[in-house]
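K.L.:
There's a structure below that I have some questions on.
The values are calculated or read from the model by the stated rules, or taken from the named source; none is laboratory data. Predicted, not measured: the structure shown is a model, and the values here were computed from it. Every residue, glycine as well, gets a Cβ built from its backbone with ideal geometry; the counts of neighbours run over all protein chains shown. Protein only, heavy atoms only, side chains kept; ligands, DNA and RNA dropped before computing areas. Shrake-Rupley method; radii C 1.70, N 1.55, O 1.52, S 1.80 Å.
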Amino acid sequence: MRSLTREEARRRAEQLTVASYDVHLDLTGDDDTFGSTATVRFTSRGAQDTFVEVRPRKLRAVRLNGRELDPAELQEGRYPLRCDDGDNELVVDAVMGYRHDGEGLHRSTDPADGNPYTYAQTAMDAAPWIFGCFDQPDLKARFSLDVHTPTGWVAIGNGRAEQVEPGHWRMAQTKPLSTYLVTVVAGPYHVVTDRHDGIALGLSCRASLAPHLDKDAEELFTITTRCLDEYHRLFGIRYPFGDYHQAFVPEFNLGAMENPGCVTFRDPMVFSSRPTDSQRTQRATVMAHEMSHMWFGDLVTMRWWDDLWLNESFAEYMGYRVAHDVTAFTDSWVSKAFGRKYHGIAADQRPSTHPVAGNGAGTAAEALQYVDGITYVKGAAIVRQLNLALGDETFFAGLRAHFDRHRFGNAAMGDLIAAWEDAGAGDLGGWADAWLRTTGLDLLEVDRSGPVPVLTSQAPEAPTAREHTLTVVWPDQTSADGWTQKQLTVGISPAALPEAEGRPVLLDAADQTWARLGVDQLTLDALAGLLPGIGDPLLRGSVWNAVRDGLRNGRIDPDRALDLVAAALPHEDRDVAVGAIGALATDLLIDRLHPDPAAAAQRAHGAAAARLATAEPGSGLQLAAARLVVATAAEPTPLRDWLEGATLPEGLDLDVDLGWRILVRLATLGGVDRAELDRRFEDDPTSQARLGLVQALVALPDARAKEYGWSYFTGRTEASNYEIGAAGAGMWRRGQEDLTAPYVTRYFEEVAGTADLRSGWMLAEAAAHFYPRLALDPATLAAADRLLAHDGLDAGLRRTLTDQTDDLRRGWSALGGRVGPAR
């Protein structure tokens, strides 16, 4: 299928103004298809040719201004039109296919009770899989939806839904929306309602999750109402889209999607097992993130996908800020420092790095590649920097002016910059060039080679005009809290630190800038002793990001990093930090970089067990430590005892999540067989258990298990998007290299062909899940490079393969290999 290009979108926007869509969906047919009729009213500037996008199983009819057109004219998802000058009415009548990859109208069956559920995901270019449309962000229109469902279903959409007769739902016409923001959620969903400040609120989930949603409904509504009030205060514009419903839907690819009036979330956020504190914090942050989109992205929308940062960078920043400021989850910035920031730091060092603004998306399909750590995490860090520099008064005055000028319309980067400058920010051109239009990130580190220590900034290539304002700290026994801090600005010229002579220095203590943080030798030597006594979790987050970066880039020895894990983990008081340090230990040290993985696992296991032993029973800290104990266990017997409840620590529940984590680890160790795995799933056949079952069956240490896992990748086993991810997670296991060795070659021979099985998000995701990430050797790198040299590789696949191969190359280089540079 062809994807719309930026130039095609520009020409069509110059020609057309779209007034409205009336969309009728019939979901009462079979489990494979549904009926779709879209009536589009639009104006054409002149009698010109254009096209409408539609991707049906069967195109039943096309009518333009009452004239019947030939359905056979449809080619590659486009139907050509010869418009009349002035007003036009187009009717597109089609049979559409349900999808099972989280795009279009996704349909799934809940294994817990056999109930079917559907929801629409129309971004980036998935709307034509549901209804005929002019599918681009800057052709906004009002939408009315009419939906026929089986009796007993509910239907929810962007406009308020009314059931006019059993199984017939009519949704109120919306304000002008981009096609990628249109949704409908239909099925036997469980719904909870509330009201706040004149706004009708709703929550929904699958029926099997109803008790868990009901348990958390008060918390979720409280987060919602507090965030609404804060956004009204900050933006000066009330929520403009009527009702505010939040639907937790199955097998959703992203964290959530900001459809006005009906935000969709992945339904693991309805916690059916006990969550850690950081999981609850992250849920609150995502809710605040999506709500901010009602202004950033929905009220004012980017003209084209190259300005995706106008949506996501702001929502990422506002989500953390507002969750911290007005909800009970005041650790949101700590959660970001430990759990999210390095995702962006790593992305900004890869060959696929791109500017935050002007990302280069030439087509709508390519825009999916920029839903990444740069657009979200780096962009949010830069927005936060600007807010700190300008202050709230100027920052939000510019935003309010921007919203007023472009309400229900579209805008570009220059429009927002102009609004800030008009509000008193001064000339922001240099800032935008340095931070938004330039790729890569600087390396900040202390240089002790001169007469006094200096803080330096090194650009990845040429000198940069970027300036960093940050706080540095060092231990000082004369200070009340044992530390001295100093705020510095560093750019091309270094900043002197004479006070830090002979003292370890920790950088960016308040997480204020966007840069790699180096660890000089004197500081590294002191870290094992310092980390247990650092009380500020934001500072600890910066330290661990520096350690992770140094390890990933061969600047910190794996044994030294393992020493830090062993020293700090038993004293860590945040569960998000235990998870992040545990991921460093398992993903980087044990799986990739440590020369003795078994010894590394033993030390990490001991540190996790020490943290578990002293954690408060029932706390998130205890749960995070227990998960790491399970992940690093080398013997099945203690895990088996936990599984049977014999030695499970007081305060831990053997719920679905913990139970299947234990079973996956037992499978990896050969401590459970297929019959027991199947039996345990049959005893509690939930969707969460189903994913655990798939991962465990693939993780078993025998050839049959690996061939079964591979069948998910090649499409021989039909599976949902989540099941494909679970199979990939079970495939590559340390200690099973002899079993997986044949699949390293097969991966590079077969991955290109998966473009015939999948598209969009899941094509790239499946390729990432099954990439042979443990095969750190020259032969793997050579195979990857040969594949990447081929023309015609799908763009999304190429991005994934480039990123995964860069990670592999860095790992090999960090181990002492010499296959290409590790930057």
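K.L.:
Grab the helices (runs of 4 or more DSSP H) fully contained in the range 700-807, keeping just those with 1 or more residues being in contact with a Leu (Cβ under 8 Å, 6 or more places away or on another chain), surrounded by fewer than 20 Cβ atoms within 10 Å (Cβ to Cβ) and touching a residue at least 40 places away in the same chain (Cβ under 8 Å).
P.N.:
So the answer is 703-714.
K.L.:
Right, something else. If you go through the range 34-44 one residue at a time, do you hit one that is surrounded by fewer than 15 Cβ atoms within 10 Å (Cβ to Cβ) and either closer than 27 Å to R758 by Cβ or out of contact with any Ser or Thr (no Cβ under 8 Å at 6 or more places or on another chain) (or both)? Explain how you work it out, then say what you get.
P.N.:
Filtering the range 34-44 for residues surrounded by fewer than 15 Cβ atoms within 10 Å (Cβ to Cβ) gives none.
No, the range 34-44 contains no residue that is surrounded by fewer than 15 Cβ atoms within 10 Å (Cβ to Cβ) and either closer than 27 Å to R758 by Cβ or out of contact with any Ser or Thr (no Cβ under 8 Å at 6 or more places or on another chain) (or both).
K.L.:
Here is a check on your reading of the model: is D596 within 21 Å of S335 (Cα to Cα), without any contact (Cβ under 8 Å) to a residue 12 or more places away in the chain and out of contact with any helix residue (DSSP H, G or I) (no Cβ under 7 Å at 6 or more places or on another chain)?
P.N.:
no
K.L.:
Does at least one position in the range 77-93 carry a residue that is under 30 Å from G152 (Cβ atoms) and either of a type outside the set (D, E) or modelled with pLDDT under 95 (or both)? Please lay out each step first, then the result.
P.N.:
Taking the range 77-93 and keeping what is under 30 Å from G152 (Cβ atoms), we get 92-93.
In the following step, the residues that additionally are either of a type outside the set (D, E) or modelled with pLDDT under 95 (or both) were identified as 92.
Taking every residue of the range 77-93 in turn, at least one turns out to be under 30 Å from G152 (Cβ atoms) and either of a type outside the set (D, E) or modelled with pLDDT under 95 (or both).
K.L.:
Out of the range 406-417, which residues are surrounded by fewer than 17 Cβ atoms within 10 Å (Cβ to Cβ) and either modelled with pLDDT under 95 or hydrophobic (A, V, I, L, M, F, W, C) (or both)?
P.N.:
Within the range 406-417, just F408 meets the criteria.
K.L.:
I'd like to check something: does the range 502-520 contain any residue that is out of contact with any Asp or Glu (no Cβ under 9 Å at 6 or more places or on another chain), of a type outside the set (G, A, S) and farther than 27 Å from A346 by Cα?
P.N.:
No, every residue in the range 502-520 fails to be out of contact with any Asp or Glu (no Cβ under 9 Å at 6 or more places or on another chain), of a type outside the set (G, A, S) and farther than 27 Å from A346 by Cα.
K.L.:
Also, I was wondering about something else. Out of the residues in the range 246-269 meeting the condition of being out of contact with any Asp or Glu (no Cβ under 7 Å at 6 or more places or on another chain) and closer than 16 Å to D216 by Cβ, tell me which one is surrounded by the fewest Cβ atoms within 10 Å (Cβ to Cβ).
P.N.:
That would be R266.
K.L.:
While we're here: Name the one entry in R274, R280 that is part of a loop (DSSP other than H, G, I, E, B), over 13 Å from the mean Cα position of the chain (by Cα), surrounded by fewer than 24 Cβ atoms within 10 Å (Cβ to Cβ) and among the basic types (K, R).
P.N.:
Within the list R274, R280, the selection yields R274.
K.L.:
Something else: What are the residue pairs meeting all of these: first residue in the range 21-41, first residue within 14 Å of K58 (Cβ to Cβ), second residue small (G, A, S) and open to solvent by 40 Å² or more (accessible area, probe 1.4 Å), Cβ atoms under 7 Å, and 6 or more apart or on different chains?
P.N.:
G35/G29
K.L.:
In addition: Just for strands (runs of 3 or more DSSP E) wholly inside the range 129-246: which have at least 3 residues that are over 26 Å from Q282 (Cα atoms)?
P.N.:
142-148, 161-165, 168-171
K.L.:
List the pairs whose first member sits in the range 486-502 and is more than 20 Å from Q385 (Cα to Cα) and in a helix (DSSP H, G or I), whose second member is open to solvent by 50 Å² or more (accessible area, probe 1.4 Å) and among the hydrophobic types (A, V, I, L, M, F, W, C), and whose Cβ atoms are under 8 Å apart, counting only residues at least 6 apart or on separate chains?
P.N.:
P498/V452
K.L.:
Among the residues of the range 647-660, is there at least one that is in a helix (DSSP H, G or I) and crowded, with 22+ Cβ neighbours inside 10 Å?
P.N.:
Taking every residue of the range 647-660 in turn, at least one turns out to be in a helix (DSSP H, G or I) and crowded, with 22+ Cβ neighbours inside 10 Å.
K.L.:
Out of all the residues in the range 357-367, is one or more open to solvent by 20 Å² or more (accessible area, probe 1.4 Å), assigned to a helix (DSSP H, G or I) and either at pLDDT 95 or above or not hydrophobic (A, V, I, L, M, F, W, C) (or both)?
P.N.:
Scanning the range 357-367 turns up at least one residue that is open to solvent by 20 Å² or more (accessible area, probe 1.4 Å), assigned to a helix (DSSP H, G or I) and either at pLDDT 95 or above or not hydrophobic (A, V, I, L, M, F, W, C) (or both).
K.L.:
Now, a different point. Would you check if T439 is under 25 Å from L470 (Cα atoms), of a type in the set (S, T, N, Q) and open to solvent by less than 10 Å² (accessible area, probe 1.4 Å)?
P.N.:
no
K.L.:
Of the residues L551, L527, only one is more than 14 Å from A567 (Cα to Cα) and part of a helix (DSSP H, G or I); which?
P.N.:
Of L551, L527, the one residue that is more than 14 Å from A567 (Cα to Cα) and part of a helix (DSSP H, G or I) is L551.
K.L.:
Which pairs have Cβ atoms under 9 Å, sit 6 or more apart or on different chains, and link a residue in the range 438-459 that is at positive phi to one that is basic (K, R) and at pLDDT below 95?
P.N.:
G440/R823
K.L.:
Considering only residues of the range 49-58 that are part of a strand (DSSP E or B) and open to solvent by 20 Å² or more (accessible area, probe 1.4 Å), which is farthest from G97 (Cα to Cα)?
P.N.:
So in the range 49-58, the residues part of a strand (DSSP E or B) come out as 49-53, 58.
Filter again for open to solvent by 20 Å² or more (accessible area, probe 1.4 Å), leaving 49, 51, 58.
Values: D49: 28, F51: 21, K58: 9 Å.
The selected residue is D49.
K.L.:
Please go through the range 591-621 and give me each residue that is surrounded by 21 or more Cβ atoms within 10 Å (Cβ to Cβ) and in contact with a Pro (Cβ under 7 Å, 6 or more places away or on another chain), ordered by number.
P.N.:
L593, H594, A607, R611, L612
K.L.:
Still on this structure, please answer the following. Just to be sure I understand, how many residues within the range 59-90 are assigned to a strand (DSSP E or B) and of a type in the set (D, E, K, R)?
P.N.:
Count: 8.
K.L.:
For the structure I just gave you, tell me whether A768 is closer than 23 Å to R2 by Cβ and either modelled with pLDDT of 95 or more or among the polar types (S, T, N, Q) (or both).
P.N.:
Criteria not met by A768.
K.L.:
Next up: How about the range 327-345: which of its residues are in a helix (DSSP H, G or I), open to solvent by less than 30 Å² (accessible area, probe 1.4 Å), over 24 Å from A432 (Cβ atoms) and not hydroxyl-bearing (S, T, Y)?
P.N.:
Correct list: V334, A337, F338.
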